[in-house]
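Below is one structure, written out as structure tokens; the observations come after it.
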Amino acid sequence: MQAFLEFFEIKDATELAILIFGLVAQSMFFMRFFVQWLASEKQKKSVMPNAFWWFSLAGGLMLLTYGFMRRDLVIILGQSVGVLIYVRNIWFIYGRKGG
């Protein structure tokens with residue numbers, strides 16, 4: 001375990017907590033692909049379930065937060081654009097009356 005922590009330059013409990021948060025964030029982001037795949041397999045065609053956008057938003061916000069915690073400009077810029085797209089798609093789904 002010590003070699004793992006040293007390899008990833010984890011020096012204290014705060015950095016370990018940030019790493020765990022990042023792994024959970026990435027898992028949330030992965031789930032969007034998983035639910036999309038399951039929905040497509042079930043219908044035997046490509047479909048985009050609403051859960052895809054919710055997992056996208058949750059994972060994107062978590063990864064954006066992780067980017068700020070790590071001060072990683074690449075993650076911050078990449079996830080900022082994605083989060084706007086996810087919010088917009090959720091707005092299209094739920095923002096209309098009866099949606």
Taking the stated definitions as given, is GLY22 surrounded by 13 or more Cβ atoms within 10 Å (Cβ to Cβ) and either aromatic (Phe, Trp, Tyr) or at pLDDT below 95 (or both)? yes
The lone condition SER56 fails out of (1) within 23 Å of THR14 (Cα to Cα); (2) touching a Phe, Trp or Tyr at 6+ places or on another chain (Cβ under 6 Å); (3) not hydrophobic (A, V, I, L, M, F, W, C) is (1)
Going through the range 40-50 in order, the residues found to be in contact with a helix residue (DSSP H, G or I) (Cβ under 8 Å, 6 or more places away or on another chain) and surrounded by 13 or more Cβ atoms within 10 Å (Cβ to Cβ) are VAL47, MET48, PRO49, ASN50
For the range 1-43 the number of residues that are within 12 Å of the chain's Cα centre (by Cα) and of a type in the set (Ser, Thr, Tyr) is 1
Within the range 1-51, residues among the aliphatic types (A, V, I, L, M) and closer than 18 Å to PHE68 by Cα come out as ILE10, ALA13, LEU16, ALA17, ILE18, LEU19, ILE20, LEU23, VAL24, ALA25, MET28
Of (1) buried (at least 17 other Cβ atoms within 10 Å of the Cβ); (2) closer than 18 Å to ARG32 by Cα; (3) not β-branched (Val, Ile, Thr), GLY78 fails just (1)
Flagged in the range 55-80 as closer than 12 Å to PHE30 by Cα and either without any contact (Cβ under 8 Å) to a residue 40 or more places away in the chain or basic (Lys, Arg) (or both), in numbering order, are PHE55, SER56, LEU57, ALA58, GLY59, GLY60
Under 13 Å from the mean Cα position of the chain (by Cα) and small (Gly, Ala, Ser): is that true of GLY95 in this structure? no
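The values are calculated or read from the model by the stated rules, or taken from the named source; none is laboratory data. In this text, all values refer to a predicted model and were calculated from it rather than measured experimentally. Here the Cβ is made from the backbone with ideal geometry for all residues, glycine too, and neighbour counts use every protein chain on show.
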